[in-house]
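Please treat every number below as a calculation from the coordinates, not as lab data. Please read all numbers here as calculations on a predicted model, not as lab measurements. Cβ: placed from backbone, ideal geometry, glycine included. Neighbour counts: every protein chain shown.
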Amino acid sequence: MKQIYYKSTRGNGVEVTAAEAIARGLCSDGGLFVPTSIPKLAIELKELMHMNYKQLALTIMKEFLTDYEEDELKSCIHKAYDKKFDTTIIAPLVKQGQSYFLELYHGPTLAFKDMALSILPYLLKIAVKKLNNNKEMIILTATSGDTGKAALEGFANVDGTKIIVFFPEQGVSEIQKRQMVTQTGDNTFVIGINGNFDDAQDGVKQMLTNKDLLKRLDDKSSMFSSANSINIGRLIPQVVYYFYAYTQLCNRGDIKIGEEINFSVPTGNFGDILAGYYAKKMGLPIKKLICASNENKVLFDFINTGIYDKVRDFVITMSPSMDILISSNLERLLYAISGQDSVVIKNLMEQLNKNGKYEINSTMKSELGDFFGGYATEAETSNAITEVYKNTNYVMDTHTAVSYVAYQKYLGQTKDATKTVIVSTASPYKFTPDVMKSIDAKYTGLNDFELIKELSKITNIDIPAGIVDLEKRPVLHKTVCAKNEMQKQIEKILKL
Ligand SMILES: *Cc1c(COP(=O)(O)O)cnc(C)c1O
């Protein structure tokens, strides 16, 4: 098997193992770790068809994590994808009307972040062992709402780790916030910031590359890592479910092996859809990756013009996990489409930092054909929830609705009859006010916990275990800080 190493998108080409890339999270030069090449699927597609999720996960992940023993990976996978998920299928593909939904929200925190964050702690533990350092891992995490809880669940009470989460105090749903601030576990820390997700992510990136801070941390025999999708250990497990959607479509008899399909992906930090791009590069027959944005449509504009411009109003929408103007993982795509040119990437990222915008050259533009940019306004998102519920009784969450709308627009513009999977990233239970209001105006004014009960009634589905007693759980985390005080908080927690 070909060994895969990892290097910085902005760096001088120094290569490290997957274990080191996962342990470090972010490169010291501020770039992101990327595989030296995307491995090709080692076996034929037809051999994947009978595999369950765990078998498929092993098949895909071992191609990327070549310094992990097969037994190590197997043990990670078995511990991750177990009864925490409410279905043994883990990521079911369901058909409603003419649409296919890949439901990635059956994990403990009801959002797709569980797909990767239920395995990342185990991958990280092995990485630390491999690197032979007994340092305490401090997991810094910025969240737009869903990563935070999934990371807390994954790392709570894991020996040798502390997990610290920053979330936008005003920018997450009530359920998302409750899930985080009620987190138990002595090694968990949750802090609201008076700022948005971009501020939180920027603060985390600055700390991960702050030499003085890193030195003080090292003196205490600790090191930082990250549970954000800037960590390559988040992305690789996400490649798996693209293949899994495909095998489910084949096994239903709805496509033939080898036939191309599209995916419509609700996008924020560009992590999920990048995993789809990696799946395509591995050999999965994907025609288009529809990049779905909400009103923070910086990616829609980028795909259509080649100009990335974050200088615009930040909109708080009903799909808060996608309220992002700086999509970190786009840097990994830029690196791929520039022919792995770290000088070009460094330059673009400096422009972004300095001027808030950049434009890619025409060669890179011509490489964007794998993607279609679509977006949904708030009204379109809400109408989509209404319409799908009326026609099929199926309840989409607000993020899934954005990808549904983007696909409808794609279909309208292209008339492309290729089978398309709508990636469904969260349970409607996390965003009940907007979901229920869209279904019927009579729900306006009820609180989140009343709405959870109403949603259970109309769907005949039990309230998921992850939130069933949320209302009664005590609030354990109350700290809120200014956006420029994140480092102070860390110094306080870690006594630096
Ligand atoms: C995180 C998240 C997204 C966006 O995923 P990215 O990988 O950041 O693009 C979409 N929907 C939900 C529900 C999420 O939690």
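Other residues with beta-carbon under 10 Å from the beta-carbon of Ser222 carry, at +1 per Lys or Arg and -1 per Asp or Glu, a net charge of +1.
Which entries in Lys177/Lys205; Lys54/Lys483; Lys7/Lys149; Lys280/Lys457 show an alpha-carbon gap greater than 32 Å?
Pairs exceeding 32 Å: Lys54/Lys483; Lys280/Lys457.
Among the trypsin sites (Lys or Arg not before Pro) in the range 213-297, those located in a DSSP loop and surrounded by at most 14 other Cβ atoms within 10 Å of their own Cβ are Lys220, Arg252, Lys256. Put in order of Cβ neighbour count within 10 Å, fewest first, the listed residues Asp199, Asp186, Asp67 become Asp186, Asp67, Asp199. Under the combined filter of DSSP loop state and at most 14 neighbouring Cβ atoms within 10 Å, the range 49-119 retains these trypsin sites (Lys or Arg not before Pro): Lys83. A Förster radius of 22 Å, combined with the Cβ-Cβ distance separating Arg312 from Glu169, puts the computed FRET efficiency at roughly 0.50.
Counting other Cβ atoms within 10 Å, which GluC sites (Glu not before Pro) in the range 219-300 have at most 15 and lie in a DSSP loop?
Hits after loop and neighbour filter: Glu259, Glu260.
Using a cutoff of 8 angstrom between alpha carbon atoms and counting only pairs six or more residues apart, the relative contact order for the range 224-351 works out to 23 percent. Taking the fewest neighbouring Cβ atoms within 10 Å as the starting point, the ordered list for Leu102, Leu73 is Leu73, Leu102. Which one, Gly412, Asn447, Gly374, projects farthest toward the positive side of the charge dipole computed for the range 358-496 from Cβ point charges (K/R +1, D/E -1)? Highest projection toward the positive end goes to Asn447. Could you tell me whether the chain comes out rounded, prolate or oblate from its Cα gyration tensor? Rule is a ≥ b ≥ c as square roots of the eigenvalues, rounded for a/c under 1.5, then prolate if a/b exceeds b/c, otherwise oblate. Rounded, because the longest to shortest axis ratio a/c is under 1.5. The modelled label-to-label distance between Gln351 and Thr414, using points 7 Å beyond Cα along the C-beta direction, is 2.6 nm.
Applying 1/(1 + (r/R0)^6) with r as the Cβ-Cβ distance of Val468 and Ser75 and R0 = 35 angstrom yields a FRET efficiency of 0.70.
Note on the range 372-482: Kirkwood radius taken over Cα pairs, Stokes-Einstein applied at 4 °C and 1.567 mPa s, translational D equal to 83 µm² s⁻¹.
Among 447-459, 172-184, 315-327, 408-420, the peptide with the highest mean count of other Cβ atoms within 10 Å heads the list, and the full ranking is 315-327, 172-184, 447-459, 408-420. Cross-link reach is defined here as a Cα-Cα straight distance under 12 Å, omitting same-chain residues fewer than 8 places apart; for Lys95 the aspartates and glutamates meeting it are Glu103, Asp254. Taking the Cα centre of the range 87-191 as origin and assigning +1 to Lys and Arg Cβ atoms and -1 to Asp and Glu Cβ atoms, the resulting dipole is close to 280 debye.
Among the listed pairs Lys125/Lys162; Lys84/Lys478; Lys62/Lys211, which are separated by more than 24 Å between their Cα atoms? Could you put the intermediate results ahead of the total?
Details: Lys125/Lys162 13 Å; Lys84/Lys478 27 Å; Lys62/Lys211 33 Å.
Those over the limit are Lys84/Lys478; Lys62/Lys211.
For the chain, what relative contact order do you get, as a whole percent, if you take Cα pairs closer than 8 Å and at least 6 residues apart?
18 percent
With neighbour counts taken as other beta-carbon atoms within 10 Å, the residues Tyr241, Tyr404, Tyr358 rank, fewest first, as Tyr358, Tyr404, Tyr241. Averaging the Cα positions of each part gives two centres, and for the range 248-313 and the range 177-192 these lie 32 Å apart. Under 5 Å from the amide H of Ile139 lie the amide H atoms of Lys162, Ile163, Ile164, Ser225, each residue being 5 or more positions distant or on a separate chain, with H modelled from the backbone and absent for Pro and chain starts. What whole-number distance in Å separates the alpha-carbon centres of the range 107-151 and the range 322-396? Computed from Cα coordinates, the inter-centre distance equals 24 Å. Using the Cβ of Ile43 as centre and a radius below 13 Å, the other residues enclosed give a net charge of 0, where K and R count +1 and D and E count -1. For the range 285-438, a crude dipole built from +1 on the beta carbon of Lys and Arg and -1 on the beta carbon of Asp and Glu, taken about the Cα centre, is about 240 debye to the nearest 20. Would you work out if the range 174-323 is rounded, prolate or oblate? Take a ≥ b ≥ c from the square roots of the eigenvalues of the alpha-carbon gyration tensor; rounded if a/c is under 1.5, else prolate when a/b is larger than b/c, oblate otherwise. Prolate, because a/c is 1.5 or more and a/b exceeds b/c.
Its Cα centre serving as origin, the chain has a Cβ charge dipole (Lys and Arg +1, Asp and Glu -1) of approximately 500 debye. What share of the DSSP beta bridges in the chain is antiparallel, in percent to the nearest 5? The answer is about 25 percent antiparallel.
Shape class for the range 71-209, computed from the alpha carbon gyration tensor (a ≥ b ≥ c): oblate, with a/c not under 1.5 and a/b at or below b/c. Within the straight-line cut-off of under 16 Å between alpha carbons, the lysines reachable from Lys357 are Lys297, Lys310, Lys346, Lys365, sequence neighbours fewer than 8 places apart in one chain being disregarded. Can you list the aspartates and glutamates whose alpha carbon sits under 20 Å from that of Lys74, skipping same-chain ones fewer than 8 residues off? Filter leaves Glu20, Glu47, Glu63, Asp82, Asp114.
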